Number of protein chains: 2
Amino acid sequence: MSNGSPTFTGSNAEQTRRHNRCVVLGQIRRAGSMGRAAMARASGLSVQAVSNIIASLEDEGMLIEAGQRSRGRGLPAPQYALNPNGGYALGFEVRPESISATLLNLMGELHHSERKTLRDNDPESVCHQLRQQMSRMLDSSGIDERLLLGAGVVMPGPFTLTGLANTASVLPHWQDIDAEKLFSNALSMPVLVENDANAAAVGEHVSGCTASLSNYAFIYFGSGVGLGVVHQGRLFRGGSGNAGELGHILVPAPCAVGQSLAGVSNRMAPLESIASRSSLLQHLKDAGLGCSTDQQLESLAAARNPELQRWLDKASAALSHAVHVVENLFDPDTVVLGGALPDPLLAELVKGISLAEHSTAQRKDRLMPRVLRGHSGDLSAARGGAALVINGLFTPQTLS
Amino acid sequence: MSNGSPTFTGSNAEQTRRHNRCVVLGQIRRAGSMGRAAMARASGLSVQAVSNIIASLEDEGMLIEAGQRSRGRGLPAPQYALNPNGGYALGFEVRPESISATLLNLMGELHHSERKTLRDNDPESVCHQLRQQMSRMLDSSGIDERLLLGAGVVMPGPFTLTGLANTASVLPHWQDIDAEKLFSNALSMPVLVENDANAAAVGEHVSGCTASLSNYAFIYFGSGVGLGVVHQGRLFRGGSGNAGELGHILVPAPCAVGQSLAGVSNRMAPLESIASRSSLLQHLKDAGLGCSTDQQLESLAAARNPELQRWLDKASAALSHAVHVVENLFDPDTVVLGGALPDPLLAELVKGISLAEHSTAQRKDRLMPRVLRGHSGDLSAARGGAALVINGLFTPQTLS
DNA sequence: CTTGTAAGTTCAACTTGATTGAGTTAATAA
DNA sequence: TTATTAACTCAATCAAGTTGAACTTACAAG
């Protein structure tokens, strides 16, 4: 959400240490466990530097010794691994009528979650609710508050440089509010605010199918459709934090059933009018099938309901077009579909996507399928919120 | 072009100094000239640190004193500015049949340029040619070779993780070659290799309409259409360096003249089949107008040739669609159109673009028009190559 | 005309954190 | 048993940023 020209900040020994801590933690996370020498090789740091950093991380409880490994000759190296419960992060998804909360540990494992309906959604009420949910989750999980490293709050955008904007339609009373500062004060810890797609994208990185990737795109099904792009391990947020409005791009609107990628059509329509949860519900409603809960959707899917199938065909065609655009513009190592849809539906959508054959994405050296299914369900955004905090531990920040 | 998971590198005092040098240089560049105290405030560094860095930069000839400025009370601060000729960068654009070369100074000013046709375009011949062009340009400009900070080479992609790939169709003999290493050895200096759109995008930042922006998208007209995205002052390159294939995205193909954004059509076609230099030449050829040089195109434009006008209408409509996609996915502060087209044509295209009204891009607080015209002409990529090097001086690198 | 204050700079001592090199330990190979 | 190798620890060194006191100049107030 920075604007104007790039104003970078100076660094010093303290920042250097922070950076190197992230590097070391990130390597341990990826490898599972490592010895000092291996980390030194991988990071380019001296063994001594790694040793000092490990000592302090062990003091703080973030690392634990995990046996010794001797590869051939030489002194067996003590291995270090993340202490899964060496720290926790809170994740919240604030919606107009409810708040979902999650609690993740360092490994990205879900320790606790709850969803509460929201009577009022003005800033003060939301803060009150967040504090309450935090307390309840700490109580029922028995986790020491001091182990909380921060919180990530997922909110509907769009954002401005200093706060939220135009949310009047979705969340009244939130215009031009610096939500990060507000929540940070309310919860007495560092807080990150993001949109649902970005959070979910990072959630997939912390625990999901993109844990080993640093370049990927995540198509998120909320009420609309969003895109979260991770580039070199960091979120692509755009000039004002509103990048990834995939639902707004125009795709060929199907006039009949199941058009292929370059198919014949006579109208363009926003992707989210064809391939989103609300478009699905609308489609079913139009067909005389009142349906709203995930369970109902799942049973329709299990029964291979023909109306559902029709929607899937149309949605897949539209998504194929969108994936094509995403592949060509972002060059991700993979495209993940996830979010607030039942898993079987996501699976069908992934299966239904037809990819262009002639594309730079059709490389020989690719490690991953071009399209994958990620976290699904209505917690994926809230979990992603917490993941933002966890991911921050492993990803050196650019000194903006 | 990194793949797999994010493997960040450790930092140390030396890296810190490199980073802070970039920060300081960047601030001086943006402000034109500054005193030490102002830089310290802007960077968060101590005055002493800034002072040390300035001393070393002045020693190296990158900075010069630029008078004193007294703002109110206190000791008048000596101002420092970039020494425009404190360093130079080479830029090359390698095409199948020719190489364009440029020489830029620290301010991004073009000191020299030349274009040579290429007899053979195998790696060895190209290296030989580059060395020759470098010598000639150094001779005729009288610049000391030691002032060369590096070179940027623009080549057609696509790229693989370690080299070029699939370029067989465009440049034979270049498969899987590590071009950066090859050129770096040939020229005895650091070399960066990029595609045309990315280079041109950075060129616009070093000297052009986006000098003051850190988030923008650059639509580049080469033979096809490319997109260069600058995010937080750095290029968005994608997982394998092939991001920004804007020309491949499908847009509604016009069946008649001048369709509007969501207009009626019955076919989708790649953007570059409608709005690129080669599509223009094809269109004119189909209309019986043999035309190839920029001059011929300019005179057609001056004469308001109706066939040209027809192409402009179709191209503008297609570009409107593309700009809509780019705005929604990348959230740039502005979209720049530039590249190898005559200036008047670019101007017409910019004028012809119709923007969606309801968009997050339609913000109140925007500093820039949503669409701008950037560098044009056949040197814009080669100049961008040199700009990659210059820009690197002002932009701290993420320790990958 | 003198004096006080503010802003910018410089000098020297200090601190942080990474690097270097010598020495120690343990496992394998000869 | 001994040599070799890998991993680690300790202590000294070094690079670079920070801190605080002193110095310089310009403006403002008395």
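Tabulated data
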| read-out | value |
| --- | --- |
| A:A347 small (G, A, S), at pLDDT below 95 and assigned by TED's automatic domain parsing to the domain that holds A:F221 | no |
| Selection count, region B:24-54, where residues are on the phi > 0 side of the Ramachandran plot and within 12 Å of DNA strand C (Cβ to nearest atom) | 0 |
| Single match in A:A81, A:A38 (criterion: within 9 Å of DNA strand D (Cβ to nearest atom) and over 23 Å from the mean Cα position of the chain (by Cα)) | A:A38 |
| Matching residues in region B:48-64 - criterion: being under 20 Å from B:M107 (Cα atoms) and either more than 15 Å from DNA strand D (Cβ to nearest atom) or within 14 Å of chain A (Cβ to nearest Cβ) (or both) | B:I53, B:I54, B:G61, B:M62, B:L63, B:I64 |
| Residue selected from region B:223-232 under the condition more than 12 Å from the chain's Cα centre (by Cα) and within 7 Å of chain A (Cβ to nearest Cβ), by the criterion surrounded by the most Cβ atoms within 10 Å (Cβ to Cβ) | B:H231 |
| Any hit, region B:33-46, residues being crowded, with 22+ Cβ neighbours inside 10 Å, in a helix (DSSP H, G or I) and at the interface with chain A (Cβ under 8 Å from one of its Cβ atoms) | yes |
| Test: residue in region B:194-217 that is buried (at least 24 other Cβ atoms within 10 Å of the Cβ), modelled with pLDDT of 95 or more, assigned to a strand (DSSP E or B) and within 13 Å of chain A (Cβ to nearest Cβ) | yes |
| Single condition B:G244 does not satisfy, out of (1) under 13 Å from the mean Cα position of the chain (by Cα); (2) more than 8 Å from chain A (Cβ to nearest Cβ); (3) closer than 30 Å to A:R267 by Cβ; (4) not in a strand (DSSP E or B) | (2) |
| Test: residue in region A:76-83 that is surrounded by fewer than 16 Cβ atoms within 10 Å (Cβ to Cβ), more than 14 Å from chain B (Cβ to nearest Cβ), without any contact (Cβ under 8 Å) to a residue 24 or more places away in the chain and farther than 20 Å from A:G385 by Cβ | yes |
| Verdict on A:R73 being more than 20 Å from A:L393 (Cβ to Cβ), within 14 Å of another protein chain (Cβ to nearest Cβ) and of a type in the set (D, E, K, R) | no |
| One residue from B:L393, B:L388 being at pLDDT 95 or above and surrounded by fewer than 21 Cβ atoms within 10 Å (Cβ to Cβ) | B:L393 |
| Verdict on A:R21 being part of a helix (DSSP H, G or I) and near DNA strand C (Cβ under 8 Å from one of its atoms) | yes |
| Breaking point among (1) in the same structural domain as B:V24 (by TED's automatic domain parsing); (2) part of a loop (DSSP other than H, G, I, E, B), for B:G157 | (1) |
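The values are calculated or read from the model by the stated rules, or taken from the named source; none is laboratory data. Not measured: the values here are computed from a predicted model. Every residue, glycine among them, receives a Cβ derived from its backbone with ideal geometry; neighbour counts consider all protein chains shown.
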